[in-house]
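Before anything else, here's the structure in question.
The values are calculated or read from the model by the stated rules, or taken from the named source; none is laboratory data. Only a predicted model underlies this, so the values are computations on that prediction, with no experimental measurement involved. Note that each Cβ is placed from the backbone with ideal geometry, even for glycine, and that neighbours are counted across all protein chains shown. All accessible areas refer to the heavy atoms of the entire protein, side chains included, with ligands and DNA or RNA removed. Shrake-Rupley method; radii C 1.70, N 1.55, O 1.52, S 1.80 Å.
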Amino acid sequence: ADELQRAAESLLARILCFNLPTIAAINGHFCAAGAMLGLAFDFRYMNKDKGLFFVPAVDLGLTYSPGMTALMQAKTPVHMHNDMIVFGKRYTATELEHERVVVQACPTDQVLGKALARAQDLTANGRFGTAKYRQTLHNIKRNTYERAQSALFDPSNFQGMGFGEGDWDEHGRSKL
């Protein structure tokens with residue numbers, strides 16, 4: 001479990017500071033590891049007809065790593081942290097749009113189209129075509145998310161979430 005978590009955190013750090021804009025089209029639940037993945041992107045479009053956002057560590061008897069905690073803190077408003085990170089509150093797409101965690105809560109059939117339209121708008125003038133521009137974007141993201149990126153990438157900062165110590169049933173569900 002720890003090796004998988006290390007690999008996931010490395011991927012999150014790479015997406016977080018990727019040298020091009022990143023856009024997530026979220027068509028259903030946006031939770032647990034999927035929540036971390038979605039938060040790593042620059043822009044998020046979420047299905048408002050189905051799906052919730054939540055980070056259920058408290059309900060599973062797990063503790064988020066310093067890197068995942070820093071990622072959530074970097075990508076969500078401070079006033080959400082207690083309810084979201086500590087108590088696992090569930091949010092609808094509309095609530096996340098209001099909090100500016102997602103760019104737009106869209107009907108099911110528009111999620112992908114809205115995300116693709118954003119990508120086209122961002123690339124229309126060709127500014128991401130040069131190595132200098134991509135390096136500049138990477139540097140800006142690295143400085144903006146320095147705490148989260150270093151916590152996710154730094155192996156000396158790694159802290160397992162406790163999957164090995166959990167009490168799980170035969171279906172992999174927590175017995176808490």
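Check cross-link reach from Lys89 to the lysines: straight Cα distance under 21 Å, and skip same-chain residues fewer than eight apart.
Those lysines meeting the cut-off are Lys48, Lys50, Lys75, Lys175.
Moving to a separate point now. Excluding ligands and nucleic acids, what accessible area in Å² is computed for Phe87 using a 1.4 Å probe, to the nearest 10?
Number for this one is 130 Å².
Out of the DSSP beta bridges found with both residues in the chain, what percent are antiparallel (nearest 5)? Can you show the working numbers first?
Details: 3 of 12 bridges.
Within the chain, antiparallel bridges account for around 25 percent of the total.
Near the amide H of Phe30, under 5 Å away, which other amide H atoms are found, from residues 5 or more places off or on another chain, if H is placed in the peptide plane?
Leu52, Phe53, Phe54
I need the fraction of alpha carbon pairs in region 30-119 separated by more than 16 Å, rounded to a whole percent.
Working: 2018 of 4005 pairs.
Across region 30-119, Cα pairs with separations above 16 Å total 50 percent.
Expressed as an acute angle from 0 to 90° and rounded to the nearest 10, what is the orientation of the C-alpha long axis of helix 2-16 relative to the principal long axis of the chain?
On a 0 to 90 degree scale, this one is about 20.
Take the alpha carbon gyration tensor of region 48-91, find the square roots of its eigenvalues, order them as a ≥ b ≥ c, and report rounded if a/c is under 1.5; if not, report prolate when a/b exceeds b/c, else oblate. Mind dumping the intermediate values first?
Details: a/c = 1.80, a/b = 1.22, b/c = 1.47.
Taking the square roots of the gyration eigenvalues as a ≥ b ≥ c, region 48-91 is oblate.
Further question on the same structure: Measure off 7 Å from each Cα along the Cα-to-Cβ vector at Asn82 and Val58, then give the distance between these two points in nanometres to one decimal.
1.1
Then there is this: Tell me the angle of helix 111-123 to the major Cα principal axis of the chain, expressed in degrees between 0 and 90 and rounded to the nearest ten.
50
Name the shape class, rounded, prolate or oblate, that the alpha-carbon gyration tensor gives for region 21-75, where a ≥ b ≥ c are the square roots of its eigenvalues, rounded holds for a/c under 1.5, and otherwise prolate holds if a/b is larger than b/c and oblate otherwise.
Numbers: a/c = 3.10, a/b = 1.31, b/c = 2.37.
Oblate, because a/c is 1.5 or more while a/b does not exceed b/c.
I would also like to ask the following. Lys and Arg at +1, Asp and Glu at -1: add these up for the other residues within a Cβ distance under 12 Å of Ile140 and post the number. Walk me through the numbers before you get to the answer.
Numbers: positive: Arg134, Lys141, Arg142; negative: Asp42, Glu146.
Within the 12 Å Cβ shell, the charges total +1.
Could you let me know the centre-to-centre spacing of region 81-144 and region 51-65, using Cα atoms, in angstrom?
Between the Cα centres of region 81-144 and region 51-65 lies a distance of 22 Å.
Something else: Report, by chain and number, residues whose modeled amide H sits under 5 Å from the one on Cys106, excluding near sequence neighbours (fewer than 5 apart, same chain).
Amide H neighbours of Cys106: Met46, Asn47, Lys48.
Positive end of the dipole of region 1-133, charges at C-beta (+1 Lys, Arg; -1 Asp, Glu), about the Cα centre: which of Leu39, Leu112, Met72 has its Cα farthest in that direction?
Checked the options; the winner is Leu112.
Something else about it: When you have a sec, figure out the Kirkwood radius of the chain from all distinct Cα pair distances and drop it here in Å to one decimal? Don't skip to the answer; put the middle values down first.
Details: mean 1/r = 0.0586 Å⁻¹.
Over the chain, the inverse of the mean reciprocal pair distance is 17.1 Å.
If one takes the longest principal axis of the Cα atoms in the chain, at what angle in degrees, from 0 to 90 and to the nearest 10, does the Cα axis of helix 66-75 lie?
Helix 66-75 and the main axis of the chain meet at about 40 degrees.
While we're on this one: Beyond 17 Å, what share of the Cα-Cα pairs of region 81-130 is found? Please give it as a whole percent.
Working: 663 of 1225 pairs.
Across region 81-130, Cα pairs with separations above 17 Å total 54 percent.
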